[in-house]
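What follows is a single structure, written as structure tokens, with notes after it.
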Amino acid sequence: MREARRTALLFPGQGAHALAMLDGLRDCPSFGERHACIVERIKLDPLRQPDAAELINTNQVSSLYTVLASSLSLDLLRAQGTRPAALAGYSVGWWTALYAAGVVSFEQLVDIVHTRALFMDDCFAERRGAMLAVIGLSLPAVEQVRQELQADGCFLAISNHNCLGQYSLSGELAAVERAIPRLAALQPKKIQRLPVAGAWHCALLDEAERRFLAFLEELPLGRASLPVCDNVSGGFLPEDDQEMKRQLARQVAAPVQWEACMQTLLRAGCNEFIETGFGQVLTSFGFFINRKVLHRSFHDQGSSG
């Protein structure tokens with residue numbers, strides 16, 4: 001007997017952003033209204049600026065365009081009859097998952113994501129942060145390099161646990177630059193600087209976490225209509241309103257436990273994973289986590305995947 005399909009929608013975060021991320025989505029019925037909401041919030045239209053290629057790499061624009069692309073992709077999936085059993089989002093994509101679950105409206109989504117970006121940016125107003133993707137090394141090997149640099153007085157943290165052999169590091173720019181040759185000496189498959197504006201998901205954002213929690217505590221949030229994975233614990237987000245807000249704030253400065261999220265969804269019986277937004281980053285992680293289930297990217301492969 002054929003196994004019943006149980007779908008989880010996965011919403012990407014920043015890192016895969018590009019000017020092309022809205023291609024194929026501008027004809028969606030809600031594009032004009034939602035894009036106008038973003039333009040009103042940030043007081044400019046990034047698509048009409050001569051420096052658009054630079055703007056897309058700023059935290060505010062990349063995070064807002066990431067959730068915009070995902071929300072429009074979600075509309076298309078829903079129109080085609082997709083009914084997910086669970087949701088998960090990577091970094092800022094967690095907020096798109098909460099939007100998909102009915103916890104926030106699109107207007108609230110824009111307000112929250114923009115405020116979150118401002119608090120994060122403030123942490124790097126007087127220092128430079130950076131992120132580095134490392135592929136093909138074990139976690140103990142990466143941790144050893146991190147500890148060596150920490151002993152030399154350089155702050156560096158493992159910020160993203162994506163799948164076996166794929167991790168991201170966050171830290172001050174000098175620490176990241178010193179880490180590159182040390183990691184390269186271990187002969188990984190790939191080392192890549194990420195096109196982000198700061199050192200996300202590490203203790204350098206503790207002040208942003210504190211401010212974001214105070215902001216969230218004043219917001220009315222709805223109850224999720226579907227289970228949503230928690231980036232911080234790797235389990236499902238708690239239903240208690242205050243505990244949920246604490247976890248959502250913790251995510252700013254805590255590592256993204258993506259592999260743990262995927263394992264939670266697999267244990268819940270999900271056997272189809274659709275990356276709902278721009279890129280194929282989460283789809284590629286999925287292949288390394290479990291090849292026995294279906295992984296596909298809606299944006300790059302279309303709904304027939």
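Values in this text are rule-based calculations from the coordinates and carry no lab data. Because the structure is predicted, anything quoted here is derived from the model rather than measured. Here the Cβ is made from the backbone with ideal geometry for all residues, glycine too, and neighbour counts use every protein chain on show.
Rounded to whole Å, give me the distance from the Cα center of the range 129-170 to that of the range 201-220.
24
Which ordering of Leu64, Leu282 is given by a fewest-first count of other beta-carbon atoms within 10 Å?
Leu64, Leu282
Can you compute 3J(HN,Hα) from phi for each residue in the range 104-112, using the Karplus curve 6.51 cos²θ - 1.76 cosθ + 1.60 with θ = phi - 60°, rounded to whole Hz and x for Gly and Pro?
Karplus-based 3J(HN,Hα) across the range 104-112 equals 9, 7, 5, 4, 5, 4, 5, 4, 5 Hz.
Residue by residue through the range 261-275, which ³J(HN,Hα) values in whole Hz follow from phi under the Karplus form 6.51 cos²θ - 1.76 cosθ + 1.60 (θ = phi - 60°), with glycine and proline marked x?
For the range 261-275, the Karplus curve yields 4, 5, 5, 4, 5, 5, 5, 7, x, 5, 10, 9, 10, 10, 6 Hz.
In terms of modelled amide H atoms, which long-range or inter-chain residues lie less than 5 Å from the amide H of Phe278?
Those qualifying (amide H under 5 Å, at least 5 residues apart or on another chain) are Ser70.
Considering only the other residues whose Cβ falls under 15 Å of the Cβ of Pro188, what net charge follows from Lys and Arg at +1 and Asp and Glu at -1?
Counting the neighbours of Pro188, the net charge comes to +4.
I'd like the distance separating the alpha-carbon centroids of the range 81-116 and the range 1-72, in whole Å.
12
Could you please rank Lys189, Lys292, placing first whichever residue has the fewest other Cβ atoms within 10 Å of its Cβ?
Lys292, Lys189
Among Gln280, Gln108, Gln144, determine the one that fluctuates most according to a GNM of the chain built with springs between C-alpha atoms less than 10 Å apart.
Gln144
Please state, to two decimals, what the Cα-based radius of gyration of the chain comes to when divided by 2.2 N^0.38 Å (N = residues).
0.96
Could you put Tyr167, Tyr90 in order, starting from the residue whose Cβ has the fewest other Cβ atoms within 10 Å?
Going from sparsest to densest Cβ surroundings: Tyr167, Tyr90.
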